Amino acid sequence: MNLSRAKTLLICAFLGLNLLLCYHLFGGEIRKLTRVAVSAAELRQTVRQLEDYGYLLETKVDRAVRKSAFLTVAPLWEVGEKLREEFTAAAAPESGPSGAIFYDGDEAKVKLYPAGLARVEFNSGQALPDEVSFSNDQELTSAFELFLQELGPAFSEARLDYLERYGEEAVLHYVQLFEDMPLYSGYLTAFLENNRLQALEIYWLVPDKPLQEKEMEVIPVTEALLKMAEYLGPSTQPRRIIKAELGFYSCEYDAEKWEVPPVWRFLFEDGESCFINAFTGNLEREISN
Amino acid sequence: MIERVKSAVLFFLVLLSILLTYQLWYGRKPVERVITNGYEPAYFEEPKPLSQLVIPKCLVVYQENLCYRIRPGNSNYKHFWEELSRMLQEIDEPANYEYGEKLPADAELCLNLIFDPALPVGPESVWLKNAPSGGLTGMQIWRQADRCWGILQEGEETGRPLLLPAQWGAHLAALCEQFSPSEKSLCEQIQAGELQLPRNGTVTVSAPIYVPAGKPVMADLLLKAEALDGELLLNTFFINRSLVREIKEKDGGLIYTDGEQGLRLHHGLDYSCPRIEQKPVPLSYPAALLTGGKLLCYYGGWPENLRLESLVQEAGARGRQAEIYQAQWRSYLKGYLLLGDAEVAMTYHHGGLVDYRRKLYELHYQKGDDTVVQDYREALAAAVELLAAKGVEQYILEEMDLAYYLTGGPLQPRAIPVWAIRISGRELILEASELIPPEGWEK
């Protein structure tokens, strides 16, 4: 055997060895990327079970194996200050109930609550661009988002969750995003009447990126859906679930910082949400509106 | 040229295989293996046996027509109680020792013990194992030379004298003979009836009470908060730590919760687990004591100076008793009860804790020398004046004793001597030197 042939044989042997080592090292990860947490049959069975409870799943669900971790958040205190500067710069602070501080300006009233919630009530409404057709959802949200952009860069992480209409009034519900996942604890709600913004409620958070080592596999969406049905009980009227998403949610705390668990959030057509802890399957909060 | 390329590729593959082998051998563990939280039982200390869960609230030794109250923490207290406890454990069936006659006229009271909570007796207990189930609230030892009689009290009912076995009689007589009292422990028994006070006041004493006599001396004490191992606490309460989230409060407090149970750590601990998984089952008194003691030992431990003060069964629906128990422990400093916001309060059932609050302090050092405090008559007179100012007209004294009261806030905790008085159903605390309510006390 000459040297060239020996080299070729050794190259083949080491190539094989390296492939074997790579398979042992990364095979598991690759398999996980491709495997699903919920099979099509399982999903069909869950849909049937939900229907028995009176819940209709009318949205796509994430069937992949998902991992997540607790998200540490703190209130973004600058939001309140920004709103005060923007709308009631000259107003003097007044004490409100439960430690709240109110600023009563000519244009608006800003209410800052101790836990971090800020509310602006415009005295005669804030005008949105004239060309907006109030009945057109797309135009209405675009015009409002333009207004948000002017308000500050923090709200670029806001995503429209859903829109509610009551005659001449509309309520836009935005949620905060963290790395493309909704952080439901952070929200922005706009109250509109015709083309005028009447009030704004903002509770914004500063999330810390969790360490990858802390990530754990979450429960499949089908398990969360069945837990939801179990907690809410059978519905006499059929209720449509229009969104099923993995995000983060916890109730508000009057605290410095806290950890928010990943949740499966199910949104009903009437605007009600149900949050199921994606690690434990416990109900995080029965109903929020 | 091709040979050179082959050599380079081979060299690269050899290097890569070494690297991958190293990674496989020593590389980091997969995430799942890191976060897997295998259940390892964690607790602070082994549960105490029943014989160590209840100790007398009051232990009085009579000698030469004087009485001396020995307080917890005193070596004599431990010695007397160990011997008496041993005797009660040896005497299985009290009925076998019934004397059947009246006590001899020259027999003298030599020991008096008061149990609150009651000392469990009966088949489930270690004391008087063959007696019917019940709880002793008191025990007196009478003596005539080397013969001793015991009189047991269950609730309001006083039993007939028991002639103690000869060896125990001699042993107890010797113990009393050897006892050398200190002046500090001198006490006086106020008999039930009218008691004249300085400045023409009178109170009615509902039942005999032991009060410190002579010129009692006490000193201010500087305290330090109990330091518990936070990591161990978390492991004790939460089986799967990876599901526990942390909330940092504005006042520096830390809350840990897994959605079902919550633990708050800040100047002590508060724990709550409102959801009861299993239906609670009723427990006998000894079993309730053992369960409470076990939970205390597991979750934080049982410091030496801590005494069980009360154990009650919660009232359930329609006046029936629920299978939930409430226990309270308090610390003793230099033998005196520490009052104020310093206690362990626990609500539990057979399966575990429902609520648990623990805020304990340890003696750091004594501030200054012992000083003489006001005597009980002056304290009673001051209490009566306070109540009179609030429009109370009848004064029925139920209990009074010297104690310590926690003051100074969480940063500089200290204990000041006080008179703790229960009069006409009201709890009064008066600084033992000035006879005024201490700062921060309101009732």
* Asked: In this structure, does B:Leu338 turn out to be under 12 Å from the mean Cα position of the chain (by Cα) and either surrounded by fewer than 18 Cβ atoms within 10 Å (Cβ to Cβ) or not hydroxyl-bearing (Ser, Thr, Tyr) (or both)?
  -> yes
* **Test set (1) surrounded by fewer than 16 Cβ atoms within 10 Å (Cβ to Cβ); (2) closer than 30 Å to A:Ala229 by Cβ; (3) touching a strand residue (DSSP E or B) at 6+ places or on another chain (Cβ under 7 Å) - A:Ala74 fails condition number** => (2)
* To do: Given the conditions (1) out of contact with any His (no Cβ under 7 Å at 6 or more places or on another chain); (2) surrounded by fewer than 18 Cβ atoms within 10 Å (Cβ to Cβ); (3) away from chain A (no Cβ under 14 Å); (4) not in a strand (DSSP E or B), report the number of the one that B:Ala322 does not fulfil.
  => (4)
* Structure fact -> Of the candidates A:Arg44, A:Arg63, the one satisfying the condition of being of a type in the set (Lys, Arg) and more than 23 Å from the chain's Cα centre (by Cα) is A:Arg44
* Asked: If you check B:Glu194 against the conditions, is it in a strand (DSSP E or B) and either within 14 Å of chain A (Cβ to nearest Cβ) or out of contact with any Lys or Arg (no Cβ under 9 Å at 6 or more places or on another chain) (or both)?
  -> yes
* Structure fact -> Across segment B:331-384, the tally of residues that are of a type in the set (S, T, N, Q) and either assigned to a loop (DSSP other than H, G, I, E, B) or without any contact (Cβ under 8 Å) to a residue 60 or more places away in the chain (or both) stands at 3
* To do: Report, ordered by the first and then the second residue, all pairs with beta carbons closer than 7 Å, sequence separation of six or more or different chains, a first member in segment B:395-411 that is on the phi > 0 side of the Ramachandran plot, and a second member that is charged (D, E, K, R).
  => B:Gly408/B:Arg414
* To do: Mind listing just one residue for me: the one in segment B:236-249 that is of a type in the set (S, T, N, Q) and assigned to a helix (DSSP H, G or I) and, of those, nearest to B:Ser331 (Cα to Cα)?
  => B:Thr236
* To do: Search segment A:205-218 for residues that are aliphatic (A, V, I, L, M) and pair each with any residue that is at pLDDT below 90 when their beta-carbon atoms are under 6 Å apart and the residues are at least 6 apart or on different chains.
  => A:Met216/B:Ile35; A:Val218/A:Arg66
* Quick one: how many residues across segment B:83-101 are of a type in the set (Phe, Trp, Tyr) and either touching a Gly at 6+ places or on another chain (Cβ under 8 Å) or in a helix (DSSP H, G or I) (or both)? -> 1
* Structure fact -> Within segment A:117-133, residues being at pLDDT 90 or above, small (Gly, Ala, Ser) and assigned to a loop (DSSP other than H, G, I, E, B) number 0
* Would you check which residues across segment A:87-106 are surrounded by 15 or more Cβ atoms within 10 Å (Cβ to Cβ) and touching an Asp or Glu at 6+ places or on another chain (Cβ under 9 Å) and list them? => A:Phe87, A:Thr88, A:Ala91, A:Ile101, A:Phe102, A:Tyr103, A:Asp104
* Hand me the list of strands (runs of 3 or more DSSP E) wholly inside segment A:1-116 holding 2 or more residues that are without any contact (Cβ under 8 Å) to a residue 12 or more places away in the chain. => A:93-95, A:101-104
* Does any residue of segment A:210-228 turn out to be at negative phi and within 13 Å of the chain's Cα centre (by Cα)? -> no
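Here's the yes/no breakdown for (1) more than 22 Å from A:Glu179 (Cβ to Cβ); (2) away from chain B (no Cβ under 14 Å); (3) part of a strand (DSSP E or B):
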{"site": "A:Pro207", "(1), (2), (3)": "no, no, yes"}
{"site": "A:Ile219", "(1), (2), (3)": "no, no, no"}
{"site": "A:Leu225", "(1), (2), (3)": "yes, yes, no"}
{"site": "A:Lys243", "(1), (2), (3)": "no, yes, yes"}
{"site": "A:Ser250", "(1), (2), (3)": "no, no, no"}
{"site": "A:Trp258", "(1), (2), (3)": "no, no, yes"}
{"site": "A:Ile276", "(1), (2), (3)": "no, no, yes"}
* Is it true that some residue in segment A:223-234 is in contact (Cβ under 8 Å) with a residue 24 or more places away in the chain, closer than 26 Å to A:Phe144 by Cβ and not aromatic (Phe, Trp, Tyr)? -> no
* To do: May I ask you to say which residue of A:Leu283, A:Leu267 is touching a helix residue (DSSP H, G or I) at 6+ places or on another chain (Cβ under 8 Å) and either buried (at least 19 other Cβ atoms within 10 Å of the Cβ) or in the same structural domain as A:Met216 (by TED's automatic domain parsing) (or both)?
  => A:Leu283
* Asked: Can you find a residue in segment B:219-235 that is part of a helix (DSSP H, G or I), within 14 Å of another protein chain (Cβ to nearest Cβ), at pLDDT 90 or above and surrounded by 15 or more Cβ atoms within 10 Å (Cβ to Cβ)?
  -> yes
* To do: Tell me, please, whether a residue that is free of Cβ contacts under 8 Å to residues at least 60 places away in the same chain, outside the structural domain of B:Gln328 (by TED's automatic domain parsing), farther than 23 Å from B:Val312 by Cβ and in contact with a Cys (Cβ under 8 Å, 6 or more places away or on another chain) can be found in segment B:150-162.
  => no
* What number of residues in segment A:179-198 are assigned to a loop (DSSP other than H, G, I, E, B) and at pLDDT 90 or above? -> 2
* **segment B:238-291 - residue that is β-branched (Val, Ile, Thr) and within 11 Å of chain A (Cβ to nearest Cβ) and, of those, nearest to B:Ala225 (Cα to Cα)** => B:Ile255
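The values are calculated or read from the model by the stated rules, or taken from the named source; none is laboratory data. Values in this document were obtained by computation on a predicted structure and should not be read as measured data. Neighbour counts run over all protein chains shown; Cβ positions are idealised from the backbone, glycine included.
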